[in-house]
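Single-structure report; data block below.
The values are calculated or read from the model by the stated rules, or taken from the named source; none is laboratory data. Bear in mind that the values here come from a model prediction, so they are computed numbers and not experimental data. Cβ atoms come from the backbone with ideal geometry, glycine included; neighbour counts cover every protein chain shown.
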Amino acid sequence: MYTIDVSDSGTPGVYLFNDYPKLAVWADGIYMSADMFDATGSTLQTVRVFAFNRDDLVSGAPTGLRSGVFDVYGGYIHLLPSNLRGALPPPGTPNFFASIDEPNLLRLWKFQVTSWGPPVIASLTGPTNLAVNGFAMPCYAASIWLCVPQLGVDQRVDALGDRLMMQLQYRNFGGVESLWVNHSVAANAAVGSPIGVRWYEIRTPNGSPTVYQQGTFQPDSNYRWMGSLAIDGQGNMALGYSISSANMYPAIRYAGRWATDPLGKLCAPETSLIEGTGSQTGTYGYRWGDYSAMTIDPTDDQTFWYTNQYLATTSGSWRTRIGSFKLSNNAAPPAGAYIYYFPIVANSASPVCH
């Protein structure tokens, strides 16, 4: 076990408070980002990004954990590191960090460790700004937290609409490199504007990055937010999210796309993991689903695992639901213990795509 002090401000006696840390696996290490605030936690000072050596973490190196760190100034916030799944990137490929900014920018940085030394030799370059389809960050970029309505109560919950959602997924299919990520969007920032999930595939991130495809999943007037996506070994993508409105309790659902779908479209139908039977009030305030996550099972590179929260009764305790499913042609469940298994999502002859 290693303890890393990330609070150093560079000024003796002045310490920073790290918030919203995000971890990701890469070929040479674990990469992390954190928003760094003053000691009161009220004023953003910088975004700090970290690289921790993989071999040291695996071996428990007695001489200490080799690491690199950079501060990202310029008003940027909520950077998300790239998370490796499947085939390795080409040797020497940097880790990528991304953030989003309205009305139409996705930003990319490269964190390159050229030597783990010691000393560690590394560089951080960027951002490269990519134009995406226009959007508004919901709830006035999260400055108004109470945003998503629920059935039967006046209290709304947080859409966390000012940042990319976990995780920034990296895939390498036969030398075609891509980054996949999502965030919540609305047509208007005002509270009361329904929210959908915007997703992107960015190709050639280490060359001249381009937005290969993008889409917004908002098939009706319900609010969909707190998304998380993953891609299987065949290039199929699954997107999980929370869904709620004044006419329904918060629920957990997912949709997806097969690799053969038209660009920018989700043709795997929306499916329910569980429909909630209560709304959130009082004790838990406005936060919702911060630890929602979609990932792919490394044992078969086909099974998607998804977890999110819901309520069984209004004002009750949060509950967690974990489920698994496939979009591939092999519908057999994974070996070993699992919580709940959904069979393959059928690829119908005439799917309704969004």
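Descriptive notes on the structure:
- Evaluation of T277 against (1) buried (at least 19 other Cβ atoms within 10 Å of the Cβ); (2) at pLDDT 95 or above (one fails), failing number: (1)
This table checks each residue for (1) in a loop (DSSP other than H, G, I, E, B); (2) out of contact with any Phe, Trp or Tyr (no Cβ under 9 Å at 6 or more places or on another chain); (3) surrounded by 15 or more Cβ atoms within 10 Å (Cβ to Cβ).
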residue: R163; (1), (2), (3): yes, no, yes
residue: N172; (1), (2), (3): no, yes, yes
residue: S184; (1), (2), (3): no, no, yes
residue: A190; (1), (2), (3): yes, no, no
residue: G196; (1), (2), (3): no, no, yes
residue: W199; (1), (2), (3): no, no, yes
residue: S208; (1), (2), (3): yes, yes, no
residue: Q214; (1), (2), (3): no, no, yes
residue: D220; (1), (2), (3): yes, yes, no
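- Candidate set: region 238-268, residues that are in contact (Cβ under 8 Å) with a residue 60 or more places away in the chain, touching an Asp or Glu at 6+ places or on another chain (Cβ under 9 Å) and among the aliphatic types (A, V, I, L, M); chosen: the one nearest to G175 (Cα to Cα): A238
- Note on region 112-131: residues that are outside any strand (DSSP E or B) and buried (at least 18 other Cβ atoms within 10 Å of the Cβ) total 1.
- All positions within region 259-285 that are part of a loop (DSSP other than H, G, I, E, B) and within 18 Å of Q302 (Cα to Cα): A259, T260, D261, L266, C267
- Every residue from region 222-243 that is part of a strand (DSSP E or B) and either surrounded by fewer than 23 Cβ atoms within 10 Å (Cβ to Cβ) or aromatic (F, W, Y) (or both): Y223, W225, Y241
- Residue match in region 125-133 (condition: closer than 15 Å to R163 by Cα, among the β-branched types (V, I, T) and under 17 Å from the mean Cα position of the chain (by Cα)): no
- In the set (1) under 14 Å from F217 (Cβ atoms); (2) without any contact (Cβ under 8 Å) to a residue 60 or more places away in the chain, the condition left unmet by I274 is number (1).
- Subset of region 10-46 that is of a type in the set (D, E) and farther than 14 Å from L79 by Cα - its residue that is modelled with the highest pLDDT: D28
- Options G289, G256, G323: the member that is assigned to a loop (DSSP other than H, G, I, E, B), touching a strand residue (DSSP E or B) at 6+ places or on another chain (Cβ under 9 Å) and surrounded by 19 or more Cβ atoms within 10 Å (Cβ to Cβ): G289
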